[in-house]
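Report on one structure; see the data block that follows.
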Amino acid sequence: MRQSMTGFASRSADGEGLRWTWELRGVNGKGLDLRLRLPDWIEGLEPLVRTAAGKRLARGNVQVSLRIAGAEDDAAADLDEAALGRVLDAMARIEAAAGRRGLALEPSSAAEIVALRGVMAAGRTERDIAALRNALMETFDAALADFVAMRGTEGAALAEVLAGQLSEIETLVAEAARVVETRRDEQADRMRAALARVMENVDGADEGRIAQELALIAVKSDVTEELDRLGAHVTAAHALLAEPGPVGRKLDFLMQEFNREANTLCSKSGSSALTQVGLALKTVIDQMREQVQNVE
């Protein structure tokens, strides 16, 4: 199944007195770039997430976030008696030193003292981190499966769009070939006129040089090679879309080849009708290349 690189998935669950939510968001990228936002107190979680994601995803910028409710506020904050004693002793020394210098300090309130760092110690319920990590990964695996499924749904729609654009390119290549066929007489007349111009100046000219000029005129007006290569690229693109696994990089490279041949076709057209077909080709190829950027 063709995969898109864009997608979203979210899964929530609870356990160990906590509730958590996983979110995965993906956009296109040259390779696989995982950006994780995970609580740092759950030891060993990040490598498990990276390994699981790496097995299911090949390309894309993917942001993975985990929100856990109750991790920091599951136990009431307690007064740290030792820290409070150190603070009060320090305050007494400060007030005594100020008094010796004749300075009067404003009295401190209990709220101000409690707000000092370290006076209140946040408690935390002891948990089995290994059990919590396993529960979190079970939810992550489900979210990852949803994410892959969504990318697959978008990928299927993307494949249909690309197939339609390839059909349009095929039609335009066939139209270009028809235009070339209908202008053969016109091209023959142009060749004869070019030959006459060359022959008018043949006196004293090098025969090899004349042959080169005639060959150059012929090459500049012949687009058969470009049309053949465009047809071959269409066949190759259809084959890639039918392949299993990631093919986005190969398709992107192929689109560059499509564009190169269309540019050459326009530069060698020699007629407004063929130029119009070439420009239409370039438009469809550009649209297709934009879509290809989302293919995994």
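So, counting K/R as plus one and D/E as minus one, what does the shell of residues with Cβ under 10 Å around Asp252 add up to? Combined, the nearby Lys, Arg, Asp and Glu give +4. Between Gln287 and Asp89, the modelled label-to-label distance comes to 7.9 nm, taking each label 7 Å out from Cα in the direction of the beta carbon. Between Asp14 and Thr51, the modelled labels are 3.1 nm apart [label points 7 Å from Cα along Cα→Cβ]. Distance from the C-alpha centroid of segment 241-258 to that of segment 276-296: 13 Å, rounded to the whole angstrom.
Note on Ile129 and Arg260: the extension gain reaches 41.5 nm, defined as 0.36 nm multiplied by sequence separation minus the Cα-Cα distance.
Computed from the coordinates by the stated procedures, all read-outs in this text should not be read as laboratory data. Bear in mind the structure is a predicted one, so any value in this text is a computation, not a measurement. Glycine also receives a Cβ, built like all others from the backbone with ideal geometry; neighbour counts cover every protein chain displayed.
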